[in-house]
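Shown next, in structure tokens, is the structure this report addresses.
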Amino acid sequence: MSGLYLHIPFCKQACHYCDFHFSTSMALKSRLVEALTQELALRHNYLGPNATLNTIYFGGGTPSLLTAAELDTIFEAIHRHFRVAPDAEITLEANPDDLTAAKVQELAASPVNRLSIGLQSFHEPHLRLMNRAHSAQESRAGVLRAQDAGFENISVDLIYGVPAPDHSLWEADMTTAFALNVPHLSCYALTIEPDTVFGRQLKKGKFVAPPDDFVAQQFELLLAEISRHGYQQYEISNFCRPGRESRHNSAYWRGVPYLGLGPSAHSFNGHSRQYTVANNPQYVAAILERGEVPATTETLSPQDRANEYLMTSLRTARGCDLTHLRDALGVDVLGQRADYVQELQNTGLATLSDGVLQLTDAGKLLADHITLELFQG
């Protein structure tokens, strides 16, 4: 079973924290949809002959900007070139302001069976600070409309670590999110990337990021509330009711092959990664005018594969299977870094049981640092 990711690189406006590839001009949207269908034809053998898609994920950008006709065109092409599992998880990322009554009815009539809704906050000043296109009222209303239209499999995104005098606004955001009774939450710390509005403002002293301990405290508050409301943390930033994990993202973290379509999309076939050019005009011209996929391929060394497994597995509740890392990928962490693994246990940052290394709540705060310590090379 494999996954398909489609990058829809259009947004109404640029969020001040976002460094994903997108354009606020819709001039190429119809041509890009055409190019996506052609890329499907060009790359339908990437996952091997007769591949069956277990998950399909429309990411972006803002896939909810696609019209019903554009979405139909893409699905027709998918079914023309792939088998799709009868119970496939088909996710579409949506912004709340797009989820009008008419839009959710369109989506409910489509093959989409899971929505990932980018709320980020229910606090109006925070939405304005981040330059989100929707209002606080629309944050809640979009989810309710989707539920009324029959969508039960819904994930919502929240951002914590936004500058604030105390934790009360984050606590209020969590309370409102839990009241929506959705089965999945993705909660991310605000990260300031250099090539964003926040990054440039930070460099000029016009934006002041909250201190690390403030962000860590909000993460700890999140973990306490998640547990109290019956959710499980199955990855550092992802939480769900029992059995309601994102199948698509979980496959990424398990190293399952997937095909990524569209500008800036990544693909993985088990041995190499492919990176498509992050430029809409170049992507469209290459596909439609020359019949070429404008992509770069990176063959992964055993060391690369081991480091990827370390990075992804340590972020999950499953943990890192050190026996698999040794036997399948040739890296003996227990043999090479026994002292460090013992130190992680002694300091309460990780547990080791039956060869599986799992980060504790305290360790999750330092996940990136711990991973780098264990990296090979």
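Worth pointing out:
- The residues packed around residue 347, meaning those with a beta-carbon under 14 Å from its beta-carbon, carry a net charge of -3 if Lys and Arg are +1 and Asp and Glu are -1.
- Dipole magnitude of the chain about its Cα centre (Cβ charges: Lys, Arg +1; Asp, Glu -1), debye to nearest 20: 620
- With 0.36 nm allotted per residue and the present C-alpha distance subtracted, the residue 317-residue 1 stretch has 111.6 nm of extension available.
- Bins of 5 Å, starting at 0 and running to the largest distance - Cα pair percent for region 1-124: 2, 10, 20, 23, 20, 14, 7, 3, 1, 0
- Within the chain, 11, 187, 240, 320 have no other Cys Cβ under 4.7 Å of their Cβ and so lack a disulfide-compatible partner by this rule.
- To put it simply, the accessible area of the chain at a 1.4 Å probe is 50 percent carbon and sulfur.
- If the Kirkwood radius is taken over C-alpha pairs of region 1-64, then at 20 °C and 1.002 mPa s the Stokes-Einstein diffusion coefficient equals 162 µm²/s.
- Order by protection proxy (mean Cβ within 10 Å, highest first), peptides 113-122, 327-336: 113-122, 327-336
- When only alpha carbons are used to place a centre, region 341-377 and region 72-91 end up 39 Å from one another.
- Radius of gyration and Dmax over the Cα atoms of region 29-74, both given in Å: 11.9, 32
- Furthest towards positive pole of dipole, 121, 265, 285, structure part the chain, Cβ charges: 285
- Projecting label points 7 angstrom from Cα along Cα→Cβ for residue 301 and residue 79 puts them 4.6 nm apart.
- Protection proxy ranking of 215-228, 345-358, by the mean of other Cβ atoms within 10 Å over each peptide's residues and highest first, is 215-228, 345-358.
- Whole-Å semi-axes of region 161-294's equivalent ellipsoid (Cα gyration tensor): 34, 24, 12
- Å² of accessible area per residue within region 104-166, as computed with a 1.4 Å probe and no ligands counted: 37
- Computed [θ] at 222 nm, helices only, for the chain once each DSSP H run of length n ≥ 4 contributes -39500 (n - 2.57): -12000 deg cm²/dmol
- Global size of region 300-339: 9.7, 28 Å for Rg and Dmax (C-alpha atoms, Rg to one decimal, Dmax whole).
- Compared with the direct C-alpha span, the chain from residue 67 to residue 50 gains 3.2 nm at full extension, assuming 0.36 nm per residue.
- Matching label, Rg and Dmax of the Cα atoms in Å computed from the structure shown, candidates (i) 21.0, 60; (ii) 23.0, 87; (iii) 20.0, 65: (i)
- DSSP beta bridges in the chain [antiparallel fraction, %, rounded to 5]: 40
- Separation of alpha-carbon centers, region 162-187 and region 13-35, rounded to whole Å: 28
- Applying the Karplus relation 6.51 cos²θ - 1.76 cosθ + 1.60 with θ = phi - 60° to region 44-55 yields 3J(HN,Hα) values of 5, 9, 4, 8, x, x, 6, 5, 10, 8, 8, 9 Hz, where x marks Gly and Pro.
- Distribution of pairwise C-alpha distances over region 220-372, 5 Å bins, in %: 2, 8, 15, 16, 16, 14, 11, 8, 5, 3, 1, 0, 0
- Burial ranking of peptide ranges 150-157, 364-371 (average Cβ count within 10 Å, highest at the top): 150-157, 364-371
The values are calculated or read from the model by the stated rules, or taken from the named source; none is laboratory data. In this text, all values refer to a predicted model and were calculated from it rather than measured experimentally. Backbone-built Cβ (ideal geometry, glycine too); neighbour counts: all protein chains shown. Protein only, heavy atoms only, side chains kept; ligands, DNA and RNA dropped before computing areas. Shrake-Rupley method; radii C 1.70, N 1.55, O 1.52, S 1.80 Å.
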